[in-house]
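Data first, discussion second: the structure below is written as structure tokens.
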Amino acid sequence: MDYDIHRMNISAIDLNLLVTFEALLEEHSVTRAAARVGLSQPAMSSALGRLRGLFDDPLFVRTGRGIEPTARALELAVPVRAGLQHLRRAFEGEAAFDASSSTRSFRLAMTDYAEWLLLGPLMKRLDRRAPEVRLHVRRLDRLFQTPDLELRSGSIDLAIGFFGDSRAMQEGMLSETLTEEENVVISRKGARQHRSMTLEAFTAARHAAIIYRPEPWGLIDQELAARGARRRLALAVPHFHTVMAAVAESDLIACVPRRLAELYRTQLGLRVAAVPFTMPPFQTRMVWHRQSGNDPALLWLQSELRAVAAISS
């Protein structure tokens, strides 16, 4: 039977089950969710069974990363979280966020470049300002695509990566640019064929690239295709620092953000050159869902990230 939460008889629902659902959604673990809401693990498993019966869906399935929500659970997440948020505000009021004493755990999805750029200085600030606040960071599944479902469901609080502006995002998503920098081409100083980085030299060289998707092509391939050209992609990996090391040890070239190239220029013996065609800049943006926009804790974290990004620029 296909239930719709908006049509269900609210008197038939134990609201504690919705709190349980929220905890399972955010913790990705029956054990951690049980501890969070003050239940034993058998009681939590029993509550999950009741939820499954109520909505006629498994709701959560086991994976290598713990339990993950089904498509039905992600659909339910938005109205359930919104409803619980309204109830909490009604009974508790809009409490101020005290970072110095908070034990809040924030869930972020980031590129490894955003991690390198922001997490070091951010943790330095948190050491002084919010010593008990915790960050749980995982890598984005796509380099240029926002994790809309997870932001909408509340599985993650913020995503930080190379996303387009808000006009290209799904309804309900909000975004802000933290940093912007140009693309550059890196090569090993001893690589003779890369002394002059013309478009012809660029397409003739063997490339290393940061690509998250299963298909071995990315943004640069799209830019070249629009010009009737293509590159020789020899290495596709999902980590910026791996590309830096690979270029330093071979005759490969790669396009990377200028800040990263300048950091490793001397250390790895790299040559840095301009990209021989027009490309959009690397924009590191943070994205969140509108429904979490009034959360005082999240507003605080966003302000901390802005401060760190300003220092890093």
*Run Pro214 past the list (1) surrounded by fewer than 18 Cβ atoms within 10 Å (Cβ to Cβ); (2) in contact with a strand residue (DSSP E or B) (Cβ under 8 Å, 6 or more places away or on another chain) and report the number of the one that doesn't hold.*
(2)
*State all residues of segment 207-232 that are over 15 Å from Asn183 (Cα atoms), under 21 Å from the mean Cα position of the chain (by Cα) and part of a helix (DSSP H, G or I); if no residue qualifies, say none.*
none
_Of all residues making up segment 196-220, the number that are of a type in the set (Asp, Glu) and either modelled with pLDDT under 90 or at positive phi (or both)_ = 1
_Between Ala82, Ala109, Ala90, which is modelled with pLDDT of 90 or more and not charged (D, E, K, R)?_
Ala109
*When segment 265-295 is examined, which residues are found to be at pLDDT 90 or above, assigned to a helix (DSSP H, G or I) and within 28 Å of the chain's Cα centre (by Cα)?*
Arg265
*Only residues that are within 20 Å of Arg230 (Cβ to Cβ) and among the acidic types (Asp, Glu): list them for segment 242-257, please.*
Asp251
*asked:* Return the residues of segment 233-245 that are part of a helix (DSSP H, G or I) and either among the charged types (D, E, K, R) or within 16 Å of Phe282 (Cβ to Cβ) (or both); say none if nothing qualifies.
replied: Phe240, His241, Val243, Met244
*Can you tell me which residues in segment 267-299 are closer than 19 Å to Ala109 by Cβ, of a type outside the set (A, V, I, L, M) and surrounded by 15 or more Cβ atoms within 10 Å (Cβ to Cβ)?*
Phe282, Gln283, Thr284, Arg285, Trp288, His289, Gln291, Ser292, Asp295
*Taking Asp127 as meeting all but one of (1) among the acidic types (Asp, Glu); (2) assigned to a loop (DSSP other than H, G, I, E, B); (3) without any contact (Cβ under 8 Å) to a residue 60 or more places away in the chain, write down the number of the exception.*
(2)
*Quick one: is Ala261 under 20 Å from the mean Cα position of the chain (by Cα) and not charged (D, E, K, R)?*
no
*State whether the residues of segment 148-161 include one that is modelled with pLDDT of 85 or more, buried (at least 21 other Cβ atoms within 10 Å of the Cβ), within 15 Å of the chain's Cα centre (by Cα) and part of a loop (DSSP other than H, G, I, E, B).*
yes
*Among the residues of segment 246-264 satisfying the criterion of being in a loop (DSSP other than H, G, I, E, B) and of a type outside the set (Ser, Thr, Tyr), which is surrounded by the fewest Cβ atoms within 10 Å (Cβ to Cβ)?*
Glu249
*Scanning for something buried (at least 18 other Cβ atoms within 10 Å of the Cβ), under 16 Å from Glu150 (Cα atoms) and hydrophobic (A, V, I, L, M, F, W, C), does segment 82-91 turn up at least one residue?*
no
*List the pairs whose first member sits in segment 269-280 and is in contact (Cβ under 8 Å) with a residue 12 or more places away in the chain, whose second member is polar (S, T, N, Q) and in a loop (DSSP other than H, G, I, E, B), and whose Cβ atoms are under 6 Å apart, counting only residues at least 6 apart or on separate chains?*
Pro276/Thr198
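The values are calculated or read from the model by the stated rules, or taken from the named source; none is laboratory data. Everything numeric here is computed off the predicted structure, so don't read it as measured data. Neighbour counts are summed over all protein chains in view; Cβ atoms, including those assigned to glycine, are modelled from backbone coordinates with ideal geometry.
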